[in-house]
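Below you'll find the structure, written out as structure tokens, and then a few comments.
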Amino acid sequence: MSAEKKPKKSSSRLKMQLVDFWNEFKQIKFGIIGIIFLVIAILVTIFESFLIPFPEASTRWRDITYWEDNPRNAPPAWINWFSKKDYTPTTYIDDINFEENIMSPTMTLMTSVIEYDYRYDVPPIDLIYRGRYKGSFTLNIVLERPDGNVLNLVNKNFSSPSWKDFRVAIGTEAKNPVQSFAKKYQNSSVQSVKVNNVLFAQANETILSNPQPLKGTYKFKVNIIKTSADTIIEEPKLVLSGAVSGILGTDNAKRDIWSGLIAGTKWALFIGLLTSAISVTVGVIYGVVSAYYGGIVDSVMQRIWEIFANIPLLPVLIVLAAIFKPSIWSLIIMMCLFFWVGPVKTVRSMALQIKEETYVEAAKALGASHARIIFKHMVPILIPYSFASMALNVPSAILYEASVSLLGLGDATIVTWGQILHDAMNGGAVTNGLWWWVVPPGIAIALIGMTFAFIGFAMDTILNPKLRTR
């Protein structure tokens, strides 16, 4: 009967301790703020694929073909709220339905009409029609403007025996017909015609020199003539590459910064938590062993600690990252090699008091091994302090990763906030005024650092007095 009650009693005691801890923790306001931010960061990581418009951003961040439909260096779409002019946002139209008309056993006409309601002052950067296909077909795109004018924009043939992507940039393909249309109204010496400016401009004598927006419904009639019976066309869509794009704009490689920021959240948490967990665990065990054995062992271990504690970490990280192939794992290992020194002194002073306790002396008298005394009786008492120390170490790990990545020595195969800042520095974001490329990752680093700092300070406030009175 007593054997059955013991686990229940132990479980009840643990539950009471957790309730007591939470009751104290929730009295500290900045600790609650840290918990809220941490929960948000975890939810962002879990639901990443639902939060970003480019689900493969994490794996194809450096793949320029994945981003080619986006505008380059476009500011966020929400700047329209503060701007006198309304800029066209990037729009993806992929809900396209075709009507099929079989003309012969080997020829089929597919027709669709895509309507676009244009209500802006600045036209899109480009119009792109794309999809994937197998076989052979002819693509024809005709535009009917709100004023009744009809322009034959694209006539192009495609053929491939295997699956292949097709992409038509209307701004390039339609240059000649658009130029001919514009010169009907303004026959000037203008050599370079901006296709999209003309397509979305009023048809008058200033259509080239000072185009005025023609607002209304534009109809893109897409005609696809399959010239073989086995031709298949999938995933057609029309992309209007806008003057503004997404929640946080794009960079000079057309990458969506919001997608990169969200994708970088999981790496920030992973780097910070793993580095902190490993380094604090090593530091706690090191400090306990040093205090427990004392004497010459303690002196030698403290001299080793002093050597590591006085080595400047960032220059060493830069040198090691430059020598070895940059990877996330090598960076974590290098940080762990130096971060472990953080908790050693505090742990050692606590362990010196703990080893004088009666139960430790009793364990020695009963013949308990050194390992059992250290890991069974001493280390568990320091676990609360360890969690507080881990929380406080996370911001340092994230900042060091960002610093190394900012210098171009990070792991280029993953998306981190430091990598985004490095690309921004190389792309001249500051000198060109591309603030949306620099400010968001900087704020993200500050917020995640503040999150763990708040949690760590709150835990330290609660736990350290208890440890000191033990």
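The values are calculated or read from the model by the stated rules, or taken from the named source; none is laboratory data. Just so you know, these numbers come straight off a predicted model, no measurement behind them. Here the Cβ is made from the backbone with ideal geometry for all residues, glycine too, and neighbour counts use every protein chain on show.
Quick look at the values:
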item: Test: residue in region 149-159 that is touching a residue at least 40 places away in the same chain (Cβ under 8 Å) and not in a strand (DSSP E or B); result: yes
item: Matching entry among 374, 445 (being over 26 Å from residue 251 (Cα atoms), crowded, with 16+ Cβ neighbours inside 10 Å, assigned by TED's automatic domain parsing to the domain that holds residue 275 and touching a residue at least 24 places away in the same chain (Cβ under 8 Å)); result: 374
item: Any chance residue 126 is of a type in the set (D, E, K, R) and either more than 15 Å from residue 240 (Cα to Cα) or surrounded by fewer than 12 Cβ atoms within 10 Å (Cβ to Cβ) (or both); result: no
item: Qualifying residue in region 260-274 (condition: exposed (fewer than 14 other Cβ atoms within 10 Å of the Cβ) and polar (S, T, N, Q)); result: no
item: Hey, residue 325 of a type in the set (D, E, K, R) and surrounded by fewer than 18 Cβ atoms within 10 Å (Cβ to Cβ) or not; result: yes
item: Per-region count, region 61-114, residues acidic (Asp, Glu), surrounded by 14 or more Cβ atoms within 10 Å (Cβ to Cβ) and not in a loop (DSSP other than H, G, I, E, B); result: 0
item: Residue that is farthest from the chain's Cα centre (by Cα) [pool: residues in region 310-322 that are loosely packed, with under 13 Cβ neighbours inside 10 Å and without any contact (Cβ under 8 Å) to a residue 60 or more places away in the chain]; result: 310
item: Filtered residues of region 448-464 (kept if under 30 Å from residue 356 (Cα atoms) and either at pLDDT 85 or above or outside the structural domain of residue 352 (by TED's automatic domain parsing) (or both)); result: 456, 457, 458
item: Selected residue [modelled with pLDDT of 90 or more, over 27 Å from residue 116 (Cα atoms) and among the hydroxyl-bearing types (Ser, Thr, Tyr)] from 45, 88; result: 45
item: Counted residues, region 340-394 - those being of a type in the set (S, T, N, Q) and in contact with a Lys or Arg (Cβ under 8 Å, 6 or more places away or on another chain); result: 1
item: Any hit, region 214-230, residues being in contact with an Asp or Glu (Cβ under 9 Å, 6 or more places away or on another chain), surrounded by fewer than 16 Cβ atoms within 10 Å (Cβ to Cβ), part of a loop (DSSP other than H, G, I, E, B) and not acidic (Asp, Glu); result: yes
item: Tabulated pairs, region 107-135, first farther than 24 Å from residue 200 by Cβ, second of a type in the set (Asp, Glu), C-beta under 6 angstrom, 6+ apart or interchain; result: 108/100; 110/100; 132/165; 132/234; 132/235; 135/230
item: Sole residue being closer than 30 Å to residue 58 by Cβ and modelled with pLDDT of 85 or more, chosen from 410, 418, 342; result: 418
item: In region 191-202, the residues that are at pLDDT 90 or above and either exposed (fewer than 15 other Cβ atoms within 10 Å of the Cβ) or assigned to a loop (DSSP other than H, G, I, E, B) (or both); result: 200, 202
item: Out of 156, 134, sole residue that is farther than 20 Å from residue 66 by Cα, modelled with pLDDT under 95 and under 37 Å from the mean Cα position of the chain (by Cα); result: 134
item: Candidate set: region 231-253, residues that are more than 24 Å from residue 421 (Cα to Cα) and surrounded by fewer than 18 Cβ atoms within 10 Å (Cβ to Cβ); chosen: the one farthest from the chain's Cα centre (by Cα); result: 232
item: Region 231-280, residues that are among the small types (Gly, Ala, Ser) and in a loop (DSSP other than H, G, I, E, B); result: 242, 243, 245, 246, 249, 253
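Matching residues to (1) modelled with pLDDT of 90 or more; (2) in the same structural domain as residue 449 (by TED's automatic domain parsing); (3) closer than 30 Å to residue 251 by Cα:
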site	(1), (2), (3)
7	no, no, no
34	yes, yes, no
62	yes, no, yes
67	yes, no, yes
